[in-house]
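The values are calculated or read from the model by the stated rules, or taken from the named source; none is laboratory data. Keep in mind it's a predicted model, so treat the numbers as computed, not measured. Cβ: placed from backbone, ideal geometry, glycine included. Neighbour counts: every protein chain shown. Please note that ligands, DNA and RNA were not included when accessible areas were found on the heavy atoms of the full protein model with its side chains. Shrake-Rupley method; radii C 1.70, N 1.55, O 1.52, S 1.80 Å.
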Amino acid sequence: MAATSSPSLIVVGPDGRIVACNPSACEMLACSPERLSGKRLSELGYRIYTEADLPFTEAEHPVRQVLLGGPPVRDLALQLHRPDGSTRTMMLTARALSGAGSPAASCLVSFRDVTDRRVAARALAAAEERWKFALEGAGDGVWDYDEDTRRVFYSKSWKEMLGHTESEIGPSLTEWSDRVHPDDRAAVLAAIAEYRSGSRSSYQTEHRLRHRDGHWIWVLDRGKIVERHADGRPRRVVGIHTDITRLKQAEQALMDKQAAELANRAKSEFLSRMSHEMRTPLNAVIGFTQLLKLQPDGGPAKVAEYADHVLRASEHLLGLVNEVLDLQRVEEGRTEMQPQALELAPFLDSTLDLMRPAALREGIALTNQVPAGRWVHADARSLRQVLMNMVSNAVKYNRNGGWVVISLLPAPPGR
């Protein structure tokens, strides 16, 4: 039977017999007014039990207490057993119709059928318990925020995740907010505000919380508005915390490993390139030294010229060695650059001079066709490395009696 829309009212005389009733009471009890009049409910097969479904003693019966001068009874939950065997949950209110403190001439009893509401509430509570039990079993912490009271229910697992016992964390919202890592707080609060305003469809963040022993744990925090006020404002928000600290540590370990592999690869590539670059000035040093030995009568001028070439090649080689020994720059995969204005023609002449001993052995002519007055902004050592590498390859893969020419091609203005 559906709950009636208005309270059921009956008037009970001092002997416990029904004196009057309204239509809602007749409908609730499935009896006509004539059948109810002058009868006790027990005579018609009705039994009133406690909310725990236990029979009232004669002294405990709420209507009898009021009739004997006791205080009014307000919203007392009880079980009404009907003659057909069904049971309904009722909310009963009873008050005397005569002065308080003396035996009443009669008692006005109102009752409402709340069976369906109680069943729905119990079903909801059971569903929530199952849901929370499932989440707790999975190791997730549950939180349940009441907007009106600004109180939060934190589950046992939620507290244990942070190293606390049940009694060490209260229902305050600050129990959570004060534990959020300072670097994460702004992003978390922004995500909550966006979800509450409707600009994002869900709330989910990853942030750090302070553990009881002082270290930080990473949590995946997810929440959902499950109840709103009439104006649409959130009234209740429920969510879960999942500890993802190990996942974050694994991600960081992977990133560190990849960074180390990248640094090692950069170092290997750097050293491989340097070993190649060092051979070119070293060959120049060896070549000019051999020329000095082959031409003992070349005169002081020629010796000075060759010595100058040996010095430049040695200085270049020293610069490369210093770069290799700078492990910090090697680990970072970079070399120090010192750009400056360089005139190409004399710079190329001095570079080609370092290459001439190797070219002469192969009978290869080296020619610089870059005119004077052409300037570049570059790091001298790096530019010399590039040019020596190019000319070295041009000599190495040439033919006997061949030639190597360096020139400039036309380009747009200013290039």
Q) Counting only the backbone N, which residues of the stretch 218-250 are under 16 Å from the spot 7 Å out from the Cα of ARG185 toward its beta-carbon? A) none
Q: Consider a paramagnetic label point 7 Å from the Cα of HIS61 along Cα→Cβ; state which residues of the stretch 5-43 have an amide N under 15 Å from it.
A: 11-19, 38-43
Q. In the stretch 332-415, which GluC sites (Glu not before Pro) are in a loop and have at most 11 other Cβ atoms within 10 Å, using DSSP for the loop call?
A. GLU336
Q: Grab the Cα-Cα distance for ASP256 and LEU282, subtract it from 0.36 nm times how many residues apart they are, and report the gain in nm with one decimal.
A: 5.6 nm
Q | Amide N proximity, the stretch 246-285 versus GLU305 label position 7 Å along Cα-to-Cβ, cut-off under 19 Å | A | 284-285
Q. Taking R0 as 56 Å, what's the FRET efficiency between LYS156 and LYS267 from their Cβ-Cβ distance, rounded to 0.05?
A. 0.65
(Q) Sequence gap at least 6, Cα distance under 8 Å: using those rules, report the relative contact order of the chain to the nearest whole percent. (A) 8
Q. If you rank GLU160, GLU168, GLU58, GLU147 by how much accessible surface each has, with a 1.4 Å probe, what is the order from largest down?
A. GLU58, GLU160, GLU168, GLU147
**Q.** Global size of the chain as Cα Rg and Dmax, reported in angstrom
**A.** 47.8, 151
Q: Roll a 1.4 angstrom probe over the protein heavy atoms and tell me the percent of accessible area of the chain that is carbon or sulfur.
A: 56
Q) By how many nm would the segment from ARG415 to HIS164 lengthen if fully extended, with 0.36 nm per residue of separation less the alpha-carbon distance? A) 83.4 nm
Q) Roughly speaking, what is the stretch gain from GLU343 to LEU408, that is 0.36 nm per residue apart minus the C-alpha to C-alpha distance, in nm to one decimal? A) 22.1 nm
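Set the Förster radius R0 to 35 Å, insert the Cβ-Cβ distance between ARG212 and LEU76 as r into 1/(1 + (r/R0)^6), and round the FRET efficiency to 0.05.
The calculated FRET efficiency here is 0.20.
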